[in-house]
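Every number here is computed from the coordinates shown, using simple stated rules; none is lab data. Since this is a predicted model, take the numbers as computed values, not measurements. Counting neighbours? That spans all protein chains shown, and the Cβs are built from the backbone with ideal geometry, glycine included.
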Amino acid sequence: MPELPEVETLVRGLRKSVIGRCIREVRLGKTDFIDDPALLERCLPGCRIATIERYGKYFLLRLVSKRNGRPAPSLLVHLGMTGHLAAHHPAEPAPKHTHVVMPLDDGRELRYTDPRRFGRMALLEGASLGAVLGKLGQEPMEVTLAEFRRRLAGRRARIKSLLLNQSFLRGVGNIYADESLWRARVHPMRFGANLTTQQARDLHGAIRKTLGDAIRLGGSSISDYRDAEGRPGFFQLRHRAYDREGKPCFRCRTRIRRIIVAGRSSYFCPRCQRAPR
């Protein structure tokens, strides 16, 4: 599933590519991941893409009506497990699972493809948009150490489970939780409230460093993820824990182990990341 670095990479690419462009029409294929398909067909044509923002794993395309220049409802997009949003020239063959095509005023098409259709697309504004974004936790690249420690206090949940909880921090998923915990030498089964002051400080720094490094390398291309230009990311070459079961730890050469935490596979070094009692 695309996580914060992959979504941020796509957002940056789309900002360079489609900001200021006007949506001429909307063509839909399968629509079971769209909140109100008829609303998209009715309201998107004639809207200009003013800005593109990221909220955790969500895209938010802020739109302006070309007719009167006023803000229009925003297009919220979640990529799910296999979603992709990018601009293409009409001559480029559309992949089999292209479900939304939005021709732009410069002749290109903004296409959304999603083989598994676990994503979401919705046109929202006001309270309905606030209800979605308001459930999300703080941005991990911006949260202060003091706030991070405050959020950990009293949380009787495993730290891996907390990192996956989008109301705790938004945008962190399985890959970057494992990588951050490995960097901080924190076991995924440790309770959040039981982290020492030093462990909380180390984990706070590790999350920011891991996500920052991943963004610089274009994210992790585990299966079919590509950026807005169709290029793969390269952070998977820097993974130190995720999906490395049985391979030697880069620090101590102990074999990486896998356990299940919060229903997800969690990879860690049993020597560097000591288990809680």
Item checked: Packing-based exposure ordering (other Cβ within 10 Å, fewest first) of Cys272, Cys47 -> Cys272, Cys47
Check: Fully extended, how many nm does the chain gain between Ala153 and Ala262 (0.36 nm per residue separation, minus their Cα-Cα distance)?
Finding: 37.3 nm
Check: Under the classification rounded if a/c is under 1.5, otherwise prolate if a/b is larger than b/c and oblate if not, where does segment 4-133 fall, given a ≥ b ≥ c as square roots of the Cα gyration tensor eigenvalues?
Finding: rounded
Item checked: Rounded to whole Hz, the Karplus (6.51, -1.76, 1.60) HN-Hα couplings of segment 94-103, x for glycine and proline -> 7, x, 4, 9, 7, 10, 9, 10, 10, x
Next item on the list: List the residues whose amide H sits under 5 Å from the amide H of His88, counting only those 5 or more places along or on another chain, with H placed 1.01 Å from N in the peptide plane.
Entry: Glu109, Leu110, Arg111
Checklist line | Fraction of beta bridges assigned by DSSP in segment 4-133 that are antiparallel (%, nearest 5) | finding: 95
Check: Can you list the lysines whose alpha carbon is less than 24 Å from that of Lys135, not counting same-chain residues fewer than 8 positions off?
Finding: Lys57, Lys160
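Based on Cβ point charges of +1 for Lys and Arg and -1 for Asp and Glu, what charge dipole magnitude is obtained for the chain about its Cα centre, in debye rounded to the nearest 20?
For this selection, approximately 1460 debye.
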Margin query: Given the options Gly134, Thr82, Val64, identify the residue whose Cα lies farthest towards the positive end of the charge dipole of segment 16-174 (+1 on Cβ of Lys, Arg; -1 on Cβ of Asp, Glu).
Written below: Gly134
Notebook entry, point to check: Which order, highest average first, do 231-239, 7-15, 94-102 follow once you tally other Cβ atoms within 10 Å for each residue and take the mean per peptide?
Noted result: 7-15, 94-102, 231-239
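Arrange the following residues from fewest to most other Cβ atoms within 10 Å of their Cβ: Cys252, Cys43.
Listing Cys252, Cys43 from fewest to most nearby Cβ atoms yields Cys252, Cys43.
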Check: Which order do Thr254, Thr82 fall in if you start with the one that has the fewest other Cβ atoms within 10 Å?
Finding: Thr254, Thr82
Notebook entry, point to check: Can you give me the relative contact order of segment 135-227 as a percent, contacts being Cα pairs under 8 Å and 6 or more apart?
Noted result: 32
Check: For Lys66, which aspartates and glutamates qualify as cross-link partners when the Cα separation must be under 12 Å and same-chain residues fewer than eight apart are set aside?
Finding: Asp105
Notebook entry, point to check: Using alpha carbons only, how many degrees (0 to 90, rounded to 10) separate the axis of helix 197-216 from the longest principal axis of the chain?
Noted result: 40
Note to self: If packing is taken as the average number of other Cβ atoms within 10 Å across a peptide's residues, how do 210-223, 65-78, 174-187 rank, most packed first?
What the structure shows: 174-187, 210-223, 65-78
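What's the local net charge at Glu245, with K and R +1, D and E -1, over the other residues with C-beta under 10 Å away?
Spelling it out: positives minus negatives among the neighbours equals +4.
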Check: Got the relative contact order for the chain handy, in percent, Cα pairs under 8 Å and 6 or more residues apart?
Finding: 18
Check: What number, rounded to the nearest 500 deg cm²/dmol, is the helix-based mean residue ellipticity at 222 nm of the chain, given -39500 (n - 2.57) per DSSP H run of at least four residues and division by all its residues?
Finding: -8000 deg cm²/dmol
Notebook entry, point to check: From the phi of every residue in segment 45-62, what ³J(HN,Hα) in whole Hz does the Karplus formula 6.51 cos²θ - 1.76 cosθ + 1.60 yield, where θ is phi - 60° and glycine or proline is x?
Noted result: x, x, 9, 9, 7, 7, 8, 10, 10, 10, 10, x, 9, 9, 8, 9, 8, 7
